[in-house]
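The values are calculated or read from the model by the stated rules, or taken from the named source; none is laboratory data. Since this is a predicted model, take the numbers as computed values, not measurements. Neighbour counts run over all protein chains shown; Cβ positions are idealised from the backbone, glycine included. Ligands, DNA and RNA are stripped out before the accessible areas are found, and what is left, the full protein with its side chains, is counted by its heavy atoms. Shrake-Rupley method; radii C 1.70, N 1.55, O 1.52, S 1.80 Å.
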Amino acid sequence: MCCNAFPKMVPLRLCQLSLKRSFRYVTTINQEGFKNEHSTIDGDDIKLYNELADKWWEDRGDMKGLHALNKLRVQLIRDGLLNTGQLDLAKWQSSRPLQGLKILDVGCGGGILSEPLARIGAEVTGIDASQNMIDRANLHAQKDTKIGKSVTYICATIEEHMNEHKDFYNAVVASEVLEHVTHKDLFLEACVSTLKPGGSIFITTLNRTLLMWAAGIVMAEYVLGLVPKGTHELNKCVKPHEVQALLERYGCSTKLVHGMMYNFLSNEWFWSPNTNINYALQAVRKY
């Protein structure tokens with residue numbers, strides 16, 4: 001059902017994450033209902049995320065599943081960078097394996113993933129289009145003097161950030177974001193363009209399947225109340241092969257696809273060989 005060690009370069013094989021997922025990427029400025037065919041912005045998400053900002057760091061509240069997901073997300077990034085040669089073994093075994101690496105956390109929300117990446121050495125830039133989320137992230141980061149200089153939060157969309165940061169980052173993370181943006185092609189192209197050649201993009205997201213709809217939406221949102229109602233929409237989720245095809249179009253090669261599973265009783269995430277609900281993906285920019 002699960003494995004404790006991160007799979008080493010699992011060839012395009014996937015998994016499934018059971019019930020709970022996390023929240024959407026607010027790729028937008030403070031305008032409700034804003035949509036543009038040349039933008040990844042979905043203005044319908046703004047109000048929800050502004051309301052969630054104050055709850056973002058309640059690790060036993062609505063965000064507990066997202067906090068618990070860090071167990072896999074940090075491992076995915078650290079081990080993925082080792083597997084693709086961006087870390088050597090000695091650094092990987094140290095307490096700060098990401099020292100010297102620049103990482104972009106797209107749709108960072110209140111900084112739940114940005115902070116632990118900074119604690120293990122990364123120079124993290126977190127971007128989100130919700131000003132409330134960015135304010136919350138900055139407020140929380142100020143409480144820990146050890147990461148104050150290692151994480152920077154900016155209220156911006158990935159399209160805006162890309163304009164001044166092309167070929168800049170060692171890694172880009174879009175975790176629990178892709179299922180909430182419009183125009184996945186524009187979003188992924190912008191993410192990839194901020195990567196240095198040889199850099200990695202890491203994605204965790206929901207699959208577009210009937211099982212995901214039943215478990216990730218009906219059960220998680222409406223029956224068990226694990227996430228706020230209306231957080232996810234089936235038609236905005238993306239199948240793994242669709243993500244791979246887009247990334248290949250923008251000069252990346254997929255290194256692994258793997259599934260995840262959530263036990264809502266114990267609030268724990270596990271790697272799984274099934275991708276019908278959720279999956280993680282790593283791809284490397286070739287040029």
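Among the residues of segment 159-185, the one identified as of a type in the set (A, V, I, L, M), assigned to a loop (DSSP other than H, G, I, E, B) and under 23 Å from Ala122 (Cβ atoms) is Val177. Pairs linking a residue in segment 186-200 that is assigned to a helix (DSSP H, G or I) to a residue that is open to solvent by 10 Å² or more (accessible area, probe 1.4 Å) and not hydroxyl-bearing (Ser, Thr, Tyr), with Cβ atoms under 6 Å and 6 or more positions apart or on different chains, are Leu188/Leu246; Ala190/Glu159; Ala190/Met162; Val192/Arg285; Ser193/Met162; Ser193/Lys166.
Let's see how each residue does on (1) over 22 Å from Trp56 (Cα atoms); (2) surrounded by fewer than 24 Cβ atoms within 10 Å (Cβ to Cβ); (3) not β-branched (Val, Ile, Thr):
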position	(1), (2), (3)
Val173	no, no, no
Leu206	no, no, yes
Ala214	yes, yes, yes
Val218	yes, yes, no
Glu221	no, yes, yes
Leu224	no, yes, yes
Lys229	no, yes, yes
Val238	yes, yes, no
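Within segment 60-93, restricting attention to residues that are surrounded by 14 or more Cβ atoms within 10 Å (Cβ to Cβ) and over 29 Å from His165 (Cα atoms), the residue that is farthest from the chain's Cα centre (by Cα) is Asp62.
Pairs meeting the criteria (first residue in segment 245-263 and on the phi > 0 side of the Ramachandran plot, second residue surrounded by 18 or more Cβ atoms within 10 Å (Cβ to Cβ) and in a helix (DSSP H, G or I), beta carbons under 7 Å, at least 6 apart or on different chains) are Gly251/Val192.
Determine whether segment 146-160 contains at least one residue that is out of contact with any Phe, Trp or Tyr (no Cβ under 8 Å at 6 or more places or on another chain), in contact (Cβ under 8 Å) with a residue 40 or more places away in the chain, surrounded by fewer than 19 Cβ atoms within 10 Å (Cβ to Cβ) and of a type in the set (Lys, Arg). No, segment 146-160 contains no residue that is out of contact with any Phe, Trp or Tyr (no Cβ under 8 Å at 6 or more places or on another chain), in contact (Cβ under 8 Å) with a residue 40 or more places away in the chain, surrounded by fewer than 19 Cβ atoms within 10 Å (Cβ to Cβ) and of a type in the set (Lys, Arg). Has segment 137-152 got any residue that is at pLDDT 95 or above and among the β-branched types (Val, Ile, Thr)? Yes: one or more hits. For segment 181-204, the tally of residues that are touching a helix residue (DSSP H, G or I) at 6+ places or on another chain (Cβ under 6 Å) and open to solvent by 30 Å² or more (accessible area, probe 1.4 Å) stands at 1.
Residue-level check: of (1) in contact with an Asp or Glu (Cβ under 9 Å, 6 or more places away or on another chain); (2) surrounded by fewer than 20 Cβ atoms within 10 Å (Cβ to Cβ); (3) modelled with pLDDT under 95, Asn132 misses just (2). Each residue in segment 251-285 was checked for being in a strand (DSSP E or B) and either open to solvent by less than 10 Å² (accessible area, probe 1.4 Å) or farther than 21 Å from Met219 by Cβ (or both), and 21 of them qualify. Restricting the first member to segment 66-93 and to residues that are basic (Lys, Arg), and the second to residues that are in a loop (DSSP other than H, G, I, E, B), the beta-carbon pairs closer than 8 Å and six or more apart or on different chains are Arg73/Leu113; Arg78/Leu87; Arg78/Pro97; Arg78/Leu98; Arg78/Ile120; Lys91/Pro97; Lys91/Gln99. Scanning segment 227-240 for residues that are part of a helix (DSSP H, G or I) and closer than 14 Å to Leu188 by Cα turns up just one, Pro240.
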